[in-house]
Amino acid sequence: MSDDAKWIINDANLTNSGANNGPWNRHDIRFYNAVELNNVTSDKAIALLNDGELNNVTITEETGAYGLWITAEGQQVDINGLNITATNSGRGIAIKDQYEKAPACVTLNVENAKFTTAEKAAILVTSTKGAVINWGAGNNIKGVAADPINAEWVDED
């Protein structure tokens, strides 16, 4: 498949039968190319290594660290209608450069998202290049576990 290809998945249920018996991300559903997901449910975490557009997506992650992992490669991810439930362990969205040799700033646009998480964060950014997060209308973080250690809000610094 070409590096410039884009996956478009409509009205689908995604799963990965791989057991989480090794590295934390062994059972993620990973997209190396750009992806557009419309009316999709997944019972495993989704990982994006390229541009993404998520419309009416539901992710239920019961064992992993995050519902949506965005590798910090400078991509843009647009979300309109996302429901992440990570109640046993995990956070909502992570933007990280943990496995990226040349990280770049990610742009994340979020509207109409609902987060239910057990571990403190709707969106966690640990990339050294940061992220631009545009927090739009209709987002709900009432189901996010409180964080007694880290700040709830982070300013530009």
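The values are calculated or read from the model by the stated rules, or taken from the named source; none is laboratory data. Just so it is clear, the structure is predicted and the values come from calculations on it, not from any experiment. Reconstructed Cβ throughout: ideal geometry from the backbone, glycine too, with neighbour counts over all protein chains shown. Just the protein is used for accessible areas: all its heavy atoms, side chains included, with ligands, DNA and RNA removed. Shrake-Rupley method; radii C 1.70, N 1.55, O 1.52, S 1.80 Å.
Quick notes on this one:
- A residue that is within 13 Å of the chain's Cα centre (by Cα), open to solvent by 10 Å² or more (accessible area, probe 1.4 Å) and not basic (K, R) occurs nowhere in the range 33-47.
- Residues in the range 95-110 that are assigned to a loop (DSSP other than H, G, I, E, B) and either β-branched (V, I, T) or within 17 Å of D78 (Cα to Cα) (or both): C105 alone.
- The range 118-153 - residue that is within 23 Å of P103 (Cβ to Cβ) and surrounded by fewer than 10 Cβ atoms within 10 Å (Cβ to Cβ) and, of those, modelled with the highest pLDDT: N150
- Single residue of the range 55-100 satisfying the filter (of a type in the set (S, T, Y) and within 18 Å of I29 (Cα to Cα)) that is surrounded by the fewest Cβ atoms within 10 Å (Cβ to Cβ): Y99
- Residue, surrounded by the fewest Cβ atoms within 10 Å (Cβ to Cβ), within the range 13-32, restricted to residues that are at pLDDT 65 or above and assigned to a loop (DSSP other than H, G, I, E, B): S17
- Some residue of the range 49-67 being assigned to a strand (DSSP E or B) and touching a residue at least 40 places away in the same chain (Cβ under 8 Å): yes
- Per-region count, the range 38-48, residues in a strand (DSSP E or B) and within 22 Å of K96 (Cβ to Cβ): 4
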